[in-house]
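Remarks on the structure that follows.
The values are calculated or read from the model by the stated rules, or taken from the named source; none is laboratory data. Quantities reported herein were computed from a predicted structural model and do not represent experimental measurements. Cβ placement follows ideal geometry from the backbone for every residue including glycine, while neighbour counts extend to all protein chains displayed.
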């Protein structure tokens, strides 16, 4: 890397992950630039979610290195890890809103306890973020009163309110009824236009075509192919990617 | 009206009412202390167990199992009549308070632990992913959910353990059963025992209604 190049926002180097005898990830290298949207596709069991979960250490990597804005995520004390995790927002397939708290309190909790923001500031920020995902009017609703799509948007607001440098989306629309997917994708598109750095693991190929800067295809724990969406979808090189794409389009048809 | 005279003799009621009212206060304050400290200690133990350090979990599990297996009365007798032989003399009310608190804590720990482990792992992960420390996730995410899910069993356990203050009569605590029992022996009338039963109703029936209210108040859809 030359001095002129800016530091990647997220830098994954030689990442390996083993679960006992099973090697789930082998020497993954991936750099995500500031403001870039990287879309990760691949068959189930290819290690895409595990890679994402290694980035904020919900999964402990076996070896390798991960840096966020040049600062290491691995080999740091838990206190430092908690601080680093503030910079890496995560959105889960299962939403995981806190069911005992209102939408607003879901978004203020970590601001108050982890960032130590005063209540008024945290609430103002939460309302701003809920507005961004189109749910300001639901601030006082309990999660059980919200649809799946609304819950996922609150979960996005919860992560955004901490001003992360990068957002990780782990199959954010897979648990949603088809008619609710659009509202979540719209929020993600808005985020991208606002310059947020994002890694998205998803099966929404249409969204990948429209919104991704780069598509990464994983299979068997390695990155098989990566490139701009036109290349990956229009001119796949490896047989594994061709087979995967024909299976996926077969399902869609 | 022989029946009425046997169980609710007005003269006997008048004679023993002041002593019984004092006994009601003893039962009440010991119960309140036991419930407060038992719930707090049980929650604390479940929280410590959540750290999943073997040197912490192992003694907690052993404690919970022993306290749930042994009859509280046996523990009280051992403490009250056994400890003086090694020179430790504990007040009767303190033995009652201590043993009931430990037994309640053991059940409460198990109740909390069961739900804490049954909550989706994603709840822990969502908290951790937003930079909350383990303790913060425990206190602000896991514990409140666990508490709300557990209000019915916690209330039941608290009521059950409060009624066990009656064991105090065996070691001389001047609570309801003890006072009513000696009144019955002196007067030869069953009336003080009826009064004891009514006294328990007056204490625990409102507690039951309160628990219904709390259960409804904190109910939420998961």
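Just wondering, is there one or more residues in region B:212-220 that are buried (at least 16 other Cβ atoms within 10 Å of the Cβ) and either in contact (Cβ under 8 Å) with a residue 60 or more places away in the chain or touching a helix residue (DSSP H, G or I) at 6+ places or on another chain (Cβ under 7 Å) (or both)? Let's see the steps before the verdict.
So in region B:212-220, the residues buried (at least 16 other Cβ atoms within 10 Å of the Cβ) come out as none.
Looking through region B:212-220, none of the residues is buried (at least 16 other Cβ atoms within 10 Å of the Cβ) and either in contact (Cβ under 8 Å) with a residue 60 or more places away in the chain or touching a helix residue (DSSP H, G or I) at 6+ places or on another chain (Cβ under 7 Å) (or both).
Limited to region B:138-149, what total is found for residues that are surrounded by 22 or more Cβ atoms within 10 Å (Cβ to Cβ) and either more than 7 Å from chain A (Cβ to nearest Cβ) or in contact (Cβ under 8 Å) with a residue 40 or more places away in the chain (or both)? If you could, list the steps in order and put the result at the bottom.
Applying the first criterion (surrounded by 22 or more Cβ atoms within 10 Å (Cβ to Cβ)) to region B:138-149 yields B:141-142, B:146, B:149.
Among the residues that remain, those that are also either more than 7 Å from chain A (Cβ to nearest Cβ) or in contact (Cβ under 8 Å) with a residue 40 or more places away in the chain (or both) are: B:142, B:146, B:149.
The total comes to 3.
If I ask for residues that are surrounded by fewer than 16 Cβ atoms within 10 Å (Cβ to Cβ), over 15 Å from the mean Cα position of the chain (by Cα) and in a helix (DSSP H, G or I), which ones from region B:64-82 would you list? So that I can check it myself, show each step before the final result.
So in region B:64-82, the residues surrounded by fewer than 16 Cβ atoms within 10 Å (Cβ to Cβ) come out as B:65-66, B:68-71, B:73-74, B:78, B:81-82.
Pick out the ones that are also over 15 Å from the mean Cα position of the chain (by Cα) and you get B:65-66, B:69-70, B:74, B:78, B:81-82.
Across region B:64-82, the qualifying residues are B:65, B:66, B:69, B:74, B:78, B:81, B:82.
Going through region A:110-128 one residue at a time, which ones are within 13 Å of chain B (Cβ to nearest Cβ) and either crowded, with 24+ Cβ neighbours inside 10 Å or over 22 Å from the mean Cα position of the chain (by Cα) (or both)? Can you show your working first?
Pass one, region A:110-128, residues within 13 Å of chain B (Cβ to nearest Cβ): A:110-117, A:122, A:126.
A:110, A:111, A:112, A:113, A:116, A:117, A:122, A:126, listed by residue number.
Which residues, counting only those in region A:83-102, are in a helix (DSSP H, G or I) and closer than 21 Å to residue B:120 by Cα? Break it down into steps so the answer makes sense when it comes.
From region A:83-102, those in a helix (DSSP H, G or I) are A:83-85; that's our starting set.
Within region A:83-102, just A:85 meets the criteria.
How many residues does region A:141-170 contain that are over 26 Å from residue A:49 (Cβ atoms) and more than 14 Å from every other protein chain (Cβ to nearest Cβ)?
Total meeting the criteria: 0.
Looking at B:124, B:113, B:93 in this structure, which one is free of Cβ contacts under 8 Å to residues at least 40 places away in the same chain and assigned to a helix (DSSP H, G or I)?
Details: B:113 fails: free of Cβ contacts under 8 Å to residues at least 40 places away in the same chain; B:93 fails: free of Cβ contacts under 8 Å to residues at least 40 places away in the same chain.
Just a single option satisfies the conditions, and that option is B:124.
Of all residues in region B:47-75, count the ones that are under 16 Å from residue B:157 (Cα atoms) and in contact with a helix residue (DSSP H, G or I) (Cβ under 7 Å, 6 or more places away or on another chain).
Adding up the residues that qualify gives 4.
Residue under question is residue A:148, and the condition is that it be under 23 Å from residue A:105 (Cβ atoms) and surrounded by fewer than 19 Cβ atoms within 10 Å (Cβ to Cβ); does it hold?
So residue A:148 passes the test.
Based on this model, can you work out whether residue A:226 counts as surrounded by 14 or more Cβ atoms within 10 Å (Cβ to Cβ), farther than 30 Å from residue A:119 by Cβ and within 14 Å of chain B (Cβ to nearest Cβ)? Break it down into steps so the answer makes sense when it comes.
Values: surrounded by 14 or more Cβ atoms within 10 Å (Cβ to Cβ): yes; farther than 30 Å from residue A:119 by Cβ: yes; within 14 Å of chain B (Cβ to nearest Cβ): no.
Against the criterion (surrounded by 14 or more Cβ atoms within 10 Å (Cβ to Cβ), farther than 30 Å from residue A:119 by Cβ and within 14 Å of chain B (Cβ to nearest Cβ)), residue A:226 does not qualify.
Confirm whether residue B:155 is under 30 Å from residue B:90 (Cβ atoms), outside any helix (DSSP H, G or I) and away from chain A (no Cβ under 14 Å). Full working, then the answer.
Details: under 30 Å from residue B:90 (Cβ atoms): yes; outside any helix (DSSP H, G or I): no; away from chain A (no Cβ under 14 Å): yes.
Taking the combined requirement at face value, the residue does not satisfy it.
Checking residue A:79 against (1) more than 9 Å from chain B (Cβ to nearest Cβ); (2) surrounded by fewer than 24 Cβ atoms within 10 Å (Cβ to Cβ): exactly one of these is not met. Which one?
For residue A:79, the exception is condition (1).
Look through A:224, A:216, A:200 and report the one residue that is at pLDDT 95 or above, in a strand (DSSP E or B), within 18 Å of residue A:8 (Cα to Cα) and over 13 Å from the mean Cα position of the chain (by Cα). So that I can check it myself, show each step before the final result.
Values: A:224 fails: within 18 Å of residue A:8 (Cα to Cα); A:200 fails: over 13 Å from the mean Cα position of the chain (by Cα).
Going through A:224, A:216, A:200 in turn, just one is at pLDDT 95 or above, in a strand (DSSP E or B), within 18 Å of residue A:8 (Cα to Cα) and over 13 Å from the mean Cα position of the chain (by Cα): A:216.
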